[in-house]
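Working notes, beginning with the structure itself.
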Amino acid sequence: MLIFKKKYRVVLAVILILLCPFDLLATQMHSSSEGIITHQIGHIFFLFSMLTLIFTIKGKKLNTQRGWQSIQYSAFFFILWNLNVITTHFLDNQIYAVKLETISFGTLKVFTKTGSPLLTWLYYLMKLDHLLSIPAMIFLYKGLSNLLSEQRKMAKGVEI
């Protein structure tokens, strides 16, 4: 048995993942109406939580600190992401206006009930929801990191 150094194991794992891809379905599908309705309620709750966070940060005047500003931007991107996925779920899981069909490896075909090319392109763009969720997570990470570093600076100032 070959024994690899730790850094080579990580490289080997990444290569295997890239060479053996599998389906990653960004939009969760549900087989019955109870599942999608509960899922949608979760998105709506998350959306309103992010709205509340934005107004709380603004109301308490925390947005003067860099960390809280980043968290506020994160909440804004999470709101956009939730609006996007709520619409996507509505189109493909609730009213079945859109259907995806796998043609071949890496090729999908988007079918719409009405045959509308505008809806096809709109749905395709909405499936790129990571363009909203990744910036949201990055802003959240930056905000929390800034708050932590400010807290550490304050703690060091107290110890002296």
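Laboratory data are not the source of any read-out in this text; all were calculated from the coordinates shown. Predicted, not measured: the structure shown is a model, and the values here were computed from it. Cβ coordinates were reconstructed from backbone atoms using ideal geometry, including for glycine residues, and neighbour counts include every protein chain displayed.
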Which net charge results when you count Lys and Arg as +1 and Asp and Glu as -1 among the other residues whose beta-carbon is under 14 Å from that of K142?
0
Likely footprinting exposure, S74, S149, fewest C-beta neighbours within 10 Å first
S149, S74
Could you list F90, F105 so that the one with the fewest beta carbons within 10 Å of its beta carbon is first and the one with the most is last?
F105, F90
Once you've got the Cα coordinates, tell me which of K99/K127; K6/K156; K58/K156 are over 24 Å apart.
K6/K156; K58/K156
Tell me the mean residue ellipticity at 222 nm calculated for the chain from its helices only (DSSP H runs of n ≥ 4, each -39500 (n - 2.57), averaged over every residue, nearest 500).
-22500 deg cm²/dmol
Work out Dmax and Rg for the chain from the C-alpha atoms and quote the Rg first, both in angstrom.
21.4, 70
So which lysines pass the test for K153, namely a Cα distance under 17 Å, with those fewer than 8 places away in the same chain ruled out?
K142
To the nearest 10 degrees, how steep is helix 6-19 against the longest Cα principal axis of the chain, on a 0 to 90 scale?
30 degrees
Neighbour-count ranking for V85, V10 (other C-beta within 10 angstrom, fewest to most) reads V10, V85
How much length, in nm to one decimal, is gained on full extension between K7 and Q151, taken as 0.36 nm per residue of separation minus their Cα-Cα distance?
48.5 nm
